[in-house]
Amino acid sequence: MPDDPERLVNATPRSQVGELFASAARDLPSEAQLARLAADLGPVLGGAAGATSAAAGASVLVKLGGAAGALALLIGAGLALRETAKPAPTSATVTPSVIAPAVAAPPPTSPEPPSAAPTAESSASAPSSKSAPVHAKALSEAALLEQARRALASSPSYALQLANEHRARFPHGVLSQEREVIAIEALRRLQRGAEADQRAKGFSKAFPGSAHQRMVNEAAPK
Amino acid sequence: MNDEPRPTVRQIFDEHARYIWRTLRHLGIPEADAPDLCQEVFVTVHRKLPSFEARSSLRTWLYGICIRIASEYRRRPYVRKEMSLSQPAYEASEQCAVGADSALEQRSAVQHLLAVLDEDKRQVVVLYEIEGFSMKEVADIVACPLQTAYSRLHAARTLMLSALNAERRAET
């Protein structure tokens, strides 16, 4: 393997291109820009996605809680379970699922009533324009999917309805994979195995190499 | 896979976010879109970190995500249209690379210079000349053979030099 050529910034005398690249290396975002970015990413940065322990990841994600943490909860639920070989037992009456363990990790809460309409947050604030900032979309997406996730155990049909609503409103959303995981799990709970399998195949085709693939496979075994 | 504890997304952000931002800008992402693209990078990191198997360094893996997201951005229909109408897509595009003195001028001049490169060459130049990766790492990040990466770098340097010389001639 040949040695790497001398970088232009290291050449002596430094060429004009080298001077420009040296200045380019100093072209960093301001602290204010980084702070705004961190604030927008808050739920993602606050979560324990990198935790090697599913339980630890779930517990930190649970602490985030609420709509602001929904993005992390949604993704974290999937990622924490991605680390788990088998779904952790939750209760004797709950069927193991791809979502349930992470859902069961928080202290018991009342799931959204099945008949409840989408919250004002998830409906009123949802951007419809493709030009809306990604972060605003992500939060609205997260609010909608968090509602779907909560409904999974008590009303999978409502969860599926919300997931389908998400698909209609955010066809190219950043949480599309998480939506499909929820939808597949909801279909499985509704004993609609063929549809779950079909949707799982669609997931595999749309998101090859996804970190959620194993969960999808478990949710809709062939 | 090594036994080192996996960093959190927060730790990765704190260590790398400013450089990811810089890289996105140098890959031609307009400043107005840099925050959104940075978010996409870290949402992807959040999603994929648990499956990161440390076959490459974390930094290489991270920049691979950055490169892919920037590349996908450039292929979005409305972006392609805008870029085709107003290349190069950055502020003060009329700024020449020759005689850039102030920081703003230099920033514009860098973008002006990089804009003469196609996407493949630009990626190699940004990663090697500005971000300081080795050529082996560059080849891994952009997913091309090492020799191809060398060829792109060589061609890019030639193109940039030609562009500067052409500007000089135009000024005299």
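The values are calculated or read from the model by the stated rules, or taken from the named source; none is laboratory data. Quantities reported herein were computed from a predicted structural model and do not represent experimental measurements. Using ideal geometry, Cβ is built from the backbone for each residue, glycine included, and neighbour counts are taken over all protein chains shown.
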Report summary line: Listed by range, helices (runs of 4 or more DSSP H) wholly within region A:120-222 having at least 2 residues that are at pLDDT 70 or above and more than 25 Å from B:Gln39 (Cβ to Cβ) are A:134-154, A:156-169, A:176-189, A:193-206, A:213-219
Requested in this report: Working only within region A:6-30, note down all residues that are within 42 Å of the chain's Cα centre (by Cα) and facing chain B (nearest Cβ under 7 Å).
Outcome: A:Arg7, A:Leu8, A:Val9, A:Val17, A:Leu20, A:Phe21, A:Ser23, A:Ala24, A:Ala25, A:Asp27, A:Leu28, A:Pro29
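Restricting the search to region B:6-20, which residues are within 7 Å of chain A (Cβ to nearest Cβ) and farther than 16 Å from A:Ala32 by Cα? Walk me through how you get there before you give the answer.
Of the residues in region B:6-20, the ones within 7 Å of chain A (Cβ to nearest Cβ) are B:6-10, B:13, B:17-18.
Those that are within 7 Å of chain A (Cβ to nearest Cβ) and farther than 16 Å from A:Ala32 by Cα: B:Arg6, B:Pro7, B:Thr8, B:Val9, B:Arg10.
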**Report entry** Residue in region B:102-151 that is surrounded by the most Cβ atoms within 10 Å (Cβ to Cβ), counting only those that are touching a residue at least 40 places away in the same chain (Cβ under 8 Å) and among the β-branched types (Val, Ile, Thr)
**Finding:** B:Val126
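How about region B:71-150: which helices (runs of 4 or more DSSP H) wholly inside it have at least 2 residues that are of a type in the set (Gly, Ala, Ser), modelled with pLDDT of 95 or more and in contact with a His (Cβ under 6 Å, 6 or more places away or on another chain)? Break it down into steps so the answer makes sense when it comes.
Working: elements: B:77-85, B:103-114, B:119-125, B:135-142.
Passing ranges: none, list empty.
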Query - Within region B:26-68, considering residues that are among the small types (Gly, Ala, Ser) and free of Cβ contacts under 8 Å to residues at least 40 places away in the same chain, the one surrounded by the most Cβ atoms within 10 Å (Cβ to Cβ) - result: B:Ala34
Report summary line: Going through (1) more than 9 Å from every other protein chain (Cβ to nearest Cβ); (2) in a helix (DSSP H, G or I); (3) buried (at least 19 other Cβ atoms within 10 Å of the Cβ) one by one, B:Ala170 fails only at (3)
